[in-house]
(Lines give C-alpha, C1' and ligand atoms only; values in the text may rest on other atoms or scores of the structure.)
Protein backbone atom coordinates (compact mmCIF):
# COMPACT_ATOMS: atom_id res chain seq x y z
CA UNK A 1 0.00 0.00 0.00
CA UNK A 2 1.34 3.42 -0.94
CA UNK A 3 0.57 6.18 1.50
CA UNK A 4 -0.19 9.66 0.23
CA UNK A 5 2.42 12.30 0.90
CA UNK A 6 1.50 14.59 3.78
CA UNK A 7 2.06 18.24 2.92
CA UNK A 8 1.72 20.89 5.60
CA UNK A 9 2.40 24.42 4.37
CA UNK A 10 0.24 26.40 6.78
CA UNK A 11 -0.81 25.59 10.34
CA UNK A 12 -3.65 27.35 12.11
CA UNK A 13 -2.97 27.77 15.83
CA UNK A 14 -6.17 28.65 17.70
CA UNK A 15 -5.56 30.38 21.01
CA UNK A 16 -7.57 31.82 23.85
CA UNK A 17 -4.40 33.64 25.00
CA UNK A 18 -4.26 31.61 28.22
CA UNK A 19 -1.08 30.36 29.83
CA UNK A 20 -2.17 26.83 28.99
CA UNK A 21 -2.19 27.64 25.28
CA UNK A 22 1.62 27.43 25.38
CA UNK A 23 1.38 23.63 25.24
CA UNK A 24 -0.64 23.73 22.03
CA UNK A 25 1.72 26.37 20.61
CA UNK A 26 4.68 24.07 21.30
CA UNK A 27 3.09 21.45 19.06
CA UNK A 28 2.25 23.98 16.35
CA UNK A 29 5.81 25.34 16.35
CA UNK A 30 7.36 21.85 16.33
CA UNK A 31 5.24 20.73 13.40
CA UNK A 32 5.91 24.01 11.58
CA UNK A 33 9.63 23.48 12.06
CA UNK A 34 9.41 19.91 10.76
CA UNK A 35 7.47 20.87 7.63
CA UNK A 36 8.92 24.39 7.20
CA UNK A 37 5.33 25.61 7.44
CA UNK A 38 3.94 28.99 8.38
CA UNK A 39 1.65 29.55 11.34
CA UNK A 40 -1.63 31.44 11.34
CA UNK A 41 -2.63 32.58 14.83
CA UNK A 42 -6.37 32.84 15.43
CA UNK A 43 -8.07 34.40 18.43
CA UNK A 44 -11.85 34.77 18.62
CA UNK A 45 -13.50 37.55 20.56
CA UNK A 46 -16.72 35.82 21.49
CA UNK A 47 -19.87 37.85 21.83
CA UNK A 48 -21.78 37.74 25.08
CA UNK A 49 -25.29 38.89 24.14
CA UNK A 50 -26.47 39.41 27.72
CA UNK A 51 -23.40 41.39 28.71
CA UNK A 52 -23.33 43.29 25.41
CA UNK A 53 -26.97 44.33 25.85
CA UNK A 54 -26.43 45.43 29.46
CA UNK A 55 -23.34 47.48 28.67
CA UNK A 56 -24.91 48.89 25.52
CA UNK A 57 -27.95 50.07 27.46
CA UNK A 58 -25.71 51.94 29.93
CA UNK A 59 -23.26 53.60 27.55
CA UNK A 60 -25.22 53.44 24.29
CA UNK A 61 -25.08 50.81 21.55
CA UNK A 62 -23.07 53.00 19.20
CA UNK A 63 -20.38 53.73 21.79
CA UNK A 64 -20.24 50.04 22.83
CA UNK A 65 -19.82 48.97 19.18
CA UNK A 66 -16.93 51.45 18.81
CA UNK A 67 -15.23 50.09 21.96
CA UNK A 68 -15.57 46.54 20.60
CA UNK A 69 -13.99 47.56 17.27
CA UNK A 70 -11.10 49.21 19.13
CA UNK A 71 -10.60 46.11 21.28
CA UNK A 72 -10.43 43.88 18.19
CA UNK A 73 -7.77 46.10 16.61
CA UNK A 74 -5.80 46.32 19.87
CA UNK A 75 -5.82 42.55 20.29
CA UNK A 76 -4.66 42.02 16.71
CA UNK A 77 -1.86 44.58 17.03
CA UNK A 78 -0.78 43.16 20.38
CA UNK A 79 -0.51 39.63 18.97
CA UNK A 80 1.69 40.72 16.08
CA UNK A 81 3.78 42.90 18.38
CA UNK A 82 2.94 46.26 16.82
CA UNK A 83 1.37 47.59 19.96
CA UNK A 84 1.46 46.86 23.65
CA UNK A 85 -1.97 45.89 24.91
CA UNK A 86 -3.52 48.11 27.56
CA UNK A 87 -4.88 45.16 29.53
CA UNK A 88 -2.03 43.85 31.76
CA UNK A 89 -3.34 40.27 31.74
CA UNK A 90 -3.43 40.16 27.93
CA UNK A 91 0.02 41.74 27.81
CA UNK A 92 1.46 39.09 30.09
CA UNK A 93 -0.27 36.23 28.26
CA UNK A 94 0.99 37.45 24.89
CA UNK A 95 4.48 37.95 26.22
CA UNK A 96 4.55 34.46 27.71
CA UNK A 97 2.96 32.62 24.81
CA UNK A 98 4.45 34.27 21.75
CA UNK A 99 7.67 36.10 22.59
CA UNK A 100 9.13 33.30 24.71
CA UNK A 101 7.94 30.49 22.45
CA UNK A 102 11.13 30.05 20.47
CA UNK A 103 13.35 30.35 23.55
CA UNK A 104 11.43 27.56 25.28
CA UNK A 105 11.70 25.25 22.29
CA UNK A 106 15.49 25.30 21.85
CA UNK A 107 16.55 26.60 18.44
CA UNK A 108 13.11 26.29 16.90
CA UNK A 109 11.49 29.19 15.21
CA UNK A 110 8.37 29.70 13.22
CA UNK A 111 7.11 31.91 10.45
CA UNK A 112 4.11 33.95 11.50
CA UNK A 113 2.07 34.02 8.30
CA UNK A 114 -0.99 35.83 9.56
CA UNK A 115 -2.87 36.87 12.68
CA UNK A 116 -6.65 36.73 12.77
CA UNK A 117 -8.51 38.41 15.62
CA UNK A 118 -12.18 38.39 14.89
CA UNK A 119 -15.41 38.78 16.80
CA UNK A 120 -17.70 35.76 16.70
CA UNK A 121 -18.23 32.24 17.91
CA UNK A 122 -14.78 30.67 18.29
CA UNK A 123 -15.54 27.55 16.27
CA UNK A 124 -16.88 29.62 13.36
CA UNK A 125 -13.93 32.03 13.43
CA UNK A 126 -11.44 29.15 13.50
CA UNK A 127 -13.05 27.16 10.68
CA UNK A 128 -13.57 30.24 8.51
CA UNK A 129 -9.92 31.25 8.91
CA UNK A 130 -8.74 27.71 8.15
CA UNK A 131 -10.75 27.67 4.93
CA UNK A 132 -10.01 31.22 3.79
CA UNK A 133 -6.28 30.99 4.51
CA UNK A 134 -5.94 27.46 3.12
CA UNK A 135 -4.55 25.91 6.29
CA UNK A 136 -3.47 22.28 6.14
CA UNK A 137 -3.71 21.59 9.89
CA UNK A 138 -5.44 23.09 12.92
CA UNK A 139 -3.77 22.93 16.32
CA UNK A 140 -6.01 23.67 19.27
CA UNK A 141 -5.81 23.07 22.99
CA UNK A 142 -8.57 21.73 25.16
CA UNK A 143 -9.21 21.56 28.85
CA UNK A 144 -10.92 18.54 30.31
CA UNK A 145 -13.74 20.29 32.11
CA UNK A 146 -16.61 17.91 32.58
CA UNK A 147 -20.09 18.59 33.67
CA UNK A 148 -23.36 19.66 32.15
CA UNK A 149 -21.98 22.62 30.19
CA UNK A 150 -19.61 20.44 28.19
CA UNK A 151 -22.24 17.73 27.66
CA UNK A 152 -24.77 20.22 26.32
CA UNK A 153 -22.54 22.61 24.39
CA UNK A 154 -19.33 20.66 23.82
CA UNK A 155 -15.95 22.34 23.89
CA UNK A 156 -14.68 24.53 21.10
CA UNK A 157 -12.06 21.91 20.29
CA UNK A 158 -14.70 19.18 20.01
CA UNK A 159 -16.85 21.31 17.72
CA UNK A 160 -13.85 22.23 15.54
CA UNK A 161 -12.89 18.55 15.35
CA UNK A 162 -16.40 17.54 14.27
CA UNK A 163 -16.79 20.24 11.61
CA UNK A 164 -13.28 20.65 10.20
CA UNK A 165 -12.40 19.53 6.69
CA UNK A 166 -8.68 19.53 7.51
CA UNK A 167 -6.85 17.47 10.14
CA UNK A 168 -7.07 18.79 13.71
CA UNK A 169 -4.50 18.20 16.42
CA UNK A 170 -6.15 18.54 19.82
CA UNK A 171 -3.64 19.11 22.62
CA UNK A 172 -4.84 18.39 26.17
CA UNK A 173 -3.90 21.32 28.37
CA UNK A 174 -2.78 21.28 31.98
CA UNK A 175 -5.41 21.93 34.61
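Side notes on the structure shown:
- Hey, residue 21 surrounded by 12 or more Cβ atoms within 10 Å (Cβ to Cβ) and either modelled with pLDDT of 80 or more or closer than 15 Å to residue 113 by Cα (or both) or not: no
- Residue list for region 2-18, restricted to those being modelled with pLDDT of 90 or more and either part of a helix (DSSP H, G or I) or surrounded by fewer than 19 Cβ atoms within 10 Å (Cβ to Cβ) (or both): 2, 3, 4, 5, 6, 7, 8, 9
- Hits in region 28-37 - residues which are surrounded by fewer than 18 Cβ atoms within 10 Å (Cβ to Cβ) and at negative phi: 30, 33, 34, 35
- Subset of region 134-158 that is modelled with pLDDT of 90 or more and more than 14 Å from the chain's Cα centre (by Cα) - its residue that is farthest from residue 7 (Cα to Cα): 158
The values are calculated or read from the model by the stated rules, or taken from the named source; none is laboratory data. These numbers come from a predicted model, not from an experiment. Methodologically, a virtual Cβ is constructed for each residue, glycine included, from the backbone with ideal geometry; neighbour enumeration extends over all protein chains shown.
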